[in-house]
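Each remark here refers to the structure printed beneath this line.
The values are calculated or read from the model by the stated rules, or taken from the named source; none is laboratory data. Here the structure is a predicted model, which is why all the values come from computation and not from measurement. All Cβ positions, even for glycine, are placed from backbone atoms using ideal geometry, and neighbour counts span all protein chains on display.
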Amino acid sequence: MKKSRRCGLGTTVCRGLLFVLLAVCLYTAPKAYALGGDLADANLNTASVWTSGSLDEKTGNEIDYYRRMRTKDCFALGYDKYEVSVTNKNFSICAFYYDSNMSFLSYEALYDGSVINRSDNAKYVKFYYRHNTSEKSMSPGQWGRYIGSSLEVFFKAVVQHESNISISEELVEVEQHELFDDLQITSSSGLTSGDIDVKTGAVVESRRRMITKELLPVYEQTLEISITKADFKVGVYEYDGNEKYIRMTVASDGSEVAVTPETRYVRFCLYRTYSEKSLSPGQWGRIFGDGLSLSVTADAEEVESTTDDDVYTPAPAPKPEPEPEPKQTTTPHDELYNEMKQMLITGDRSVHDISKYGMDIYEVRAIEKELRQGECYYYFANSCVMFLSNFGLKNNICSTMQFEGMDADFLNRYNRMMSALEEIKSMTTSQMTDLDKVILVHEYIIQHSYYEKTSTARGCTGGILGDGHGLCAGYADAFNDVMKYLGIEARYVSSNDMNHAWSLVKIDGQYYHVDCTWDNTTEEDKGYIGHNYLLASDTRFAKSIPGRHYNWSVSEEDVAGGIKIPATSTKYDSWFVHDVKGLMVYANGYWYYADGKNIKKSDAYGKSMSTVLTETANVSIIGLSQGKLQYKVNGVVKSISVK
């Protein structure tokens, strides 16, 4: 996409980039040379010029980074302009500019056909090389095989003088590529519900993700991503001038995405890394209202033309279009991620040959960490024992991988778990508050599971929701994952001294303890549901109710021993629900429960309590079916309408 600008010309001397070039012999270049001489005379196509390492893009300082190569010396910028030629399109070179005191000024990425326009203060330049598609696999030895053979770079000085030619006053039209304007998204109004196919770049229907409505113009820029919530990421999709898909990059908060030289448009796809399936456009709106925002800024800004009666400064000339060349639509990183994902969704337990990706064990594990976040529900089905392993190593490169602990029932368990999640979600209504949803999940988990110590998936959500039994860790994970699936924050709490785990759930800005395990029983007493440990403060949990909790912490990734999150609100410490023995059933804004011979109903806060009926003996609630509440008295099943 291009746009035009019109500028008036005065009759005085035109400065800047004009159209007259004089011979090199008529021009005397400055002689301020650095150790490597002037850039125009430098030979960068020999390995002796380079050393392993990189340059810091914020400070210009040399840093150790063995996947790149930097110049040993700096070079003088004796001319105002240099044309850049890079013979291998798979590589780019980044220039770092310094003043006469070697103080860092700026940097820019250079590709074949780029032009260096030296600023007034810039006197010296250093460079580093990087591989555009598989940078992580490059070693110094591999660099040595490229530099000077299939990879060469040249800098041609362009000599210019101010012109004394007078240009008559007229309108001159200068075409210029649009640059990406900074993007701020703080609501769903700038987005539309949908997804983008990672293989084709085509828009597909989805009620889980949000994408920008239009393609946004961009030209050789680095996009800096800022996302205010940690559990969200954005896919950056790049397209060429014909809107043909090039590639996709996953970006999180703080990421930088350098678009390819061929990229002319970008589109963004925002998604949540957990409980993605529950997100509708309405939920997105509430998430934005709760503080989510996406900001994208570019490291280059469009230069505005200015008009003056005496001085004319033209807009920068358009950069030459790169030669068309077939490009990979996915990187080795993307390909390995997709291979891992396919192993998950098919339950593939075989050993895979991954030597072609050329990655070390740290890189492979980093990709699996992304997979664990992006495809978290598969890990919920077997997370206590399943992990990537069986890494064959050859010259520090991973040659094989396999999912260890993925048992034969993995996919069936996953499907049962997802069915349970969908069933719970179907039981919620727009009338329900977060408090109602907490009670609902507590009742469902305990009604459909029991405590058990030996099963394969005993310590994860899949054990509780997929198999119907598990340990305290499984109960805590299941409660937390269902709450997150419904859009409510919940955290994992554990005590090493107790050898026990439970949950913290956040309601109306306050945290409360929930221990589904201690409100449940063993298989022999399956069906009993207690409520002593549902929504309690730190104070209540530290007392005997009938059993106390102690010495706990909240699990936090990469924080050894966890962190402390206070649950100081005592709002529910004297809650009527704690005295309820047996199942509670929700219908039309009320919770129905048994109280001896009575069936009672109340809202979740206990503000509108009443007796529905009284039987001849103690009653127990069975459930809700087709608008009728089913209960048992003296061994006989009865029902009443609650519509």
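What the table shows:
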quantity: Positions within segment 376-410 being among the hydrophobic types (A, V, I, L, M, F, W, C), within 15 Å of Cys460 (Cβ to Cβ) and in contact with a strand residue (DSSP E or B) (Cβ under 7 Å, 6 or more places away or on another chain), in sequence order; calculated: Met386, Phe387, Phe403
quantity: Any helices (runs of 4 or more DSSP H) falling wholly within segment 343-432 and containing at least 2 residues that are surrounded by fewer than 16 Cβ atoms within 10 Å (Cβ to Cβ); calculated: 361-374, 410-427
quantity: The listed residue being farther than 21 Å from Ile185 by Cα, outside the structural domain of Asn88 (by TED's automatic domain parsing) and part of a loop (DSSP other than H, G, I, E, B), out of Glu220, Glu214; calculated: Glu220
quantity: Which listed residue is crowded, with 21+ Cβ neighbours inside 10 Å and aliphatic (A, V, I, L, M), from Val198, Val203, Val218; calculated: Val218
quantity: Which numbered condition Asn61 fails, given (1) loosely packed, with under 12 Cβ neighbours inside 10 Å; (2) of a type in the set (S, T, N, Q); (3) modelled with pLDDT under 85; calculated: (3)
quantity: Conditions (1) over 20 Å from Arg209 (Cα atoms); (2) in a strand (DSSP E or B); (3) touching a Lys or Arg at 6+ places or on another chain (Cβ under 7 Å): number failed by Val257; calculated: (3)
quantity: Given (1) at pLDDT 85 or above; (2) touching a helix residue (DSSP H, G or I) at 6+ places or on another chain (Cβ under 6 Å), number of the condition Val296 does not satisfy; calculated: (2)
quantity: Cross-chain or 6+ apart pairs with Cβ under 6 Å, segment 142-157 first and at pLDDT 85 or above, then of a type in the set (S, T, N, Q); calculated: Leu151/Asn88; Glu152/Asn45; Glu152/Thr87; Phe154/Ser85
quantity: Answer residue from segment 43-69, given it is in a loop (DSSP other than H, G, I, E, B) and touching a Lys or Arg at 6+ places or on another chain (Cβ under 8 Å) and is nearest to Tyr98 (Cα to Cα) among those; calculated: Gly60
quantity: Residue list for segment 436-471, filter: part of a helix (DSSP H, G or I), surrounded by fewer than 24 Cβ atoms within 10 Å (Cβ to Cβ) and basic (Lys, Arg); calculated: none
quantity: Options Ser92, Ser106; residue that is in a strand (DSSP E or B), under 21 Å from Glu224 (Cβ atoms), touching a strand residue (DSSP E or B) at 6+ places or on another chain (Cβ under 6 Å) and touching a residue at least 40 places away in the same chain (Cβ under 8 Å); calculated: Ser92
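Per-residue answers, yes or no, for (1) assigned by TED's automatic domain parsing to the domain that holds Asp231; (2) touching a Cys at 6+ places or on another chain (Cβ under 6 Å); (3) modelled with pLDDT under 90; (4) within 21 Å of Leu421 (Cβ to Cβ):
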| residue | (1), (2), (3), (4) |
| --- | --- |
| Gly347 | no, no, no, yes |
| Val351 | no, no, no, no |
| Asp360 | no, no, yes, no |
| Glu375 | no, no, yes, yes |
| Tyr378 | no, no, yes, yes |
| Asn390 | no, no, yes, no |
